[in-house]
Amino acid sequence: MNTQTSNMEMIDFTKLREEFPILTRRISGEPIAYFDNAATSQKPLSVIKAISEYYENINSNVHRGIHTLSEEATEAYENSREKARKFINAQSAGEIVFVKGTTDGINLVASSFGNKTVGEGDEVIISEMEHHSNLVPWQNLCERKNATLKYIPVNDKGELMIDEFKSMVNEKTKLISVVYVSNSLGTINPVSEIIETAHSFNVPVVLDAAQAAPHMKIDVQKLDCDFLAFSGHKMYGPTGIGILYGKEKHLESMPPYQYGGEMIKSVSYDKTVFNVLPYKFEAGTPNIAGAIVLGTAVDFIERLSHENIHNREMDLLSYADNLFDEIGDIRIIGTAENKTSLISFIINGIHPYDTGSILDNLGIAVRTGFHCTQPLIEQRFRLPGTVRASFAFYNTFEEIDRLAAGLSKVKSMLL
Amino acid sequence: MTETKTITQKEDQIVDDFSLFDDWMSKYEYIIELGKKLPLIDENYKNELYEVKGCQSKVWLNAEMKDGLLYYKADSDAIITKGIISLLIEVLSGNKPEEIKNAEMDFLNKIGLKEHLSPNRANGLNAMINKMKNFAIKYSGENVN
């Protein structure tokens with residue numbers, strides 16, 4: 001059923017802002033202009049209320065109680081898993097593992113699947129634009145296994161060099177893990193093409209979808225990715241919860257990542273039989289409130305629709321791009337044709353830290369530094385960091401005007 | 001030779017200077033001016049040995065003893081950071097290691113700097129102060145006559 005009808009004209013984004021209480025805060029005496037959405041998004045009232053509703057009404061441990069509360073909590077927990085399944089169009093709920101977030105999901109794959117798949121002399125491919133979360137686990141795996149980690153190069157526009165990639169895949173390649181949308185450049189990578197090439201060599205592909213989930217519709221069956229991880233807190237949900245999707249055949253073949261309660265079917269002093277999917281990977285009492293409220297965040301996004309979110313964010317992006325052009329002396333890092341609503345930049349001759357400090361003083365929240373992609377910023381682009389303004393649909397054109405005025409102020413103070 | 005002021009006297013002077021500004025933007029402008037005026041450090045010191053860890057911008061710091069007093073030199077690739085270092089140097093440089101070791105650095109609270117910096121940036125500030133104090137600890141042993 002297509003519930004995402006074209007309600008394009010009907011969304012009043014100014015009104016929608018009222019659902020985000022934090023946006024009424026003042027910083028340094030000014031109304032906050034929050035442009036650090038790629039780090040974490042703000043939360044709507046529905047999400048905030050759902051957290052306290054859980055603790056007020058149904059708090060109980062899942063999957064083990066015979067009593068009503070436990071049954072209600074379990075039902076809400078599993079309903080949320082089902083919402084997450086639909087959100088990314090996975091085949092079955094068994095393929096949806098609740099994890100702490102993207103980092104946790106990737107570590108699970110690297111430790112469990114990576115450990116059994118990658119051996120001495122093998123190769124793992126990631127890209128030069130990976131977040132540390134999708135770099136360090138593979139670096140560590142390759143060090144442990146005496147395997148080689150290879151990086152898909154990035155061109156000056158901040159796009160993956162796909163032809164180079166195609167010549168890197170060979171019979172030694174055991175795993176490929178790439179970022180769907182770059183957190184520091186905004187580039188949307190051609191992951192379908194990467195997956196197709198990888199699969200022609202029978203190589204499984206992991207996608208870091210942390211920056212994709214809030215901005216675009218994800219369809220794991222259409223993508224045919226083998227694993228995909230994303231975080232709740234970047235898509236209007238709570239922190240400490242995320243989803244790892246894995247194809248059932250892979251998850252079945254993998255040993256557990258952690259051992260303990262919940263993930264077992266039966267335990268004797270001599271032997272343990274592990275639980276079925278996805279519980280095999282959910283050791284210990286999970287983040288029940290987080291998992292349930294992730295479902296509320298999914299509801300929120302679907303109420304708006306990715307299409308409406310995308311259109312609004314592209315309007316904000318092109319508005320900002322034009323203003324940045326007028327300011328002058330700005331170098332944008334990441335000018336891919338296909339990108340999400342973020343601008344990573346430096347003002348020529350000014351350290352990102354100085355820019356960020358002054359903007360903060362004007363009530364404008366941006367991110368400065370490496371954005372957890374130190375090799376990309378430092379080694380590939382040879383910069384001491386960038387300033388990153390990442391937009392969400394609740395940002396306004398007036399806020400972007402303030403950002404532009406702030407940058408002009410920075411220039412006049414520092415140049 | 002200018003007469004030696006105590007650390008507390010120098011702190012009071014800075015607190016006085018900052019009391020002239022009524023908002024943080026003017027304080028920043030002042031800090032930026034200080035940063036631009038900070039004497040350059042020799043390029044030889046711009047390496048990992050002299051780097052202050054924990055700052056978002058790069059900071060290099062060195063100290064040398066002269067006639068029983070400790071003198072600091074520092075640099076950063078960010079101007080505001082340089083301005084803040086300049087304040088720290090103004091307060092601590094030219095004093096006895098013993099005094100530097102025990103300096104409370106209360107002026108940072110009085111001018112509202114610590115409160116104004118995000119925890120992230122306050123960590124960087126603490127890292128700078130620690131590095132400066134570590135030099136003082138290192139040299140205070142040699143200073144015992």
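Look through segment A:115-156, keep the residues that are part of a strand (DSSP E or B) and among the polar types (S, T, N, Q), and return whichever of them is surrounded by the most Cβ atoms within 10 Å (Cβ to Cβ).
Checked segment A:115-156; the qualifying residue surrounded by the most Cβ atoms within 10 Å (Cβ to Cβ) is A:SER127.
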Exclusive hit being in contact with a Phe, Trp or Tyr (Cβ under 7 Å, 6 or more places away or on another chain) and on the phi < 0 side of the Ramachandran plot, set A:THR373, A:THR386: A:THR386
Matching residues in segment B:2-36 - criterion: being more than 10 Å from chain A (Cβ to nearest Cβ) and aliphatic (A, V, I, L, M): B:ILE7, B:ILE14, B:VAL15, B:LEU20, B:LEU34
Pairs where the first residue, in segment A:267-286, is at positive phi and the second is surrounded by fewer than 19 Cβ atoms within 10 Å (Cβ to Cβ), C-beta under 6 Å, 6+ apart: A:GLY284/A:GLY260; A:GLY284/A:GLY261
Hey, A:GLU282 surrounded by fewer than 23 Cβ atoms within 10 Å (Cβ to Cβ), among the acidic types (Asp, Glu) and farther than 26 Å from A:VAL410 by Cα or not: no
Condition check for A:GLU326: away from every other protein chain (no Cβ under 14 Å) and outside any loop (DSSP other than H, G, I, E, B): yes
Some residue of segment A:198-208 being modelled with pLDDT of 95 or more, in a loop (DSSP other than H, G, I, E, B) and either surrounded by 20 or more Cβ atoms within 10 Å (Cβ to Cβ) or not assigned by TED's automatic domain parsing to the domain that holds A:GLU171 (or both): yes
Test: residue in segment B:102-114 that is closer than 20 Å to B:LEU70 by Cα and of a type in the set (S, T, N, Q): yes
Conditions (1) more than 14 Å from chain A (Cβ to nearest Cβ); (2) assigned to a strand (DSSP E or B): number failed by B:MET105: (2)
Of all residues in segment A:65-114 being part of a loop (DSSP other than H, G, I, E, B) and in contact (Cβ under 8 Å) with a residue 40 or more places away in the chain, the one that is nearest to A:ASN275 (Cα to Cα): A:SER92
Filter result (farther than 15 Å from B:ASN130 by Cβ, outside any strand (DSSP E or B) and within 14 Å of chain A (Cβ to nearest Cβ)) within segment B:49-83: B:GLN56, B:SER57, B:LYS58, B:ASP77, B:ALA78, B:ILE79, B:ILE80, B:THR81, B:LYS82, B:GLY83
Subset of segment A:61-83 (residues that are among the polar types (S, T, N, Q) and over 29 Å from the mean Cα position of the chain (by Cα)): A:THR68, A:SER70
Number of the condition not met by A:LEU16 [criteria: (1) in a loop (DSSP other than H, G, I, E, B); (2) at pLDDT 95 or above]: (1)
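The values are calculated or read from the model by the stated rules, or taken from the named source; none is laboratory data. Bear in mind the structure is a predicted one, so any value in this text is a computation, not a measurement. Counting neighbours? That spans all protein chains shown, and the Cβs are built from the backbone with ideal geometry, glycine included.
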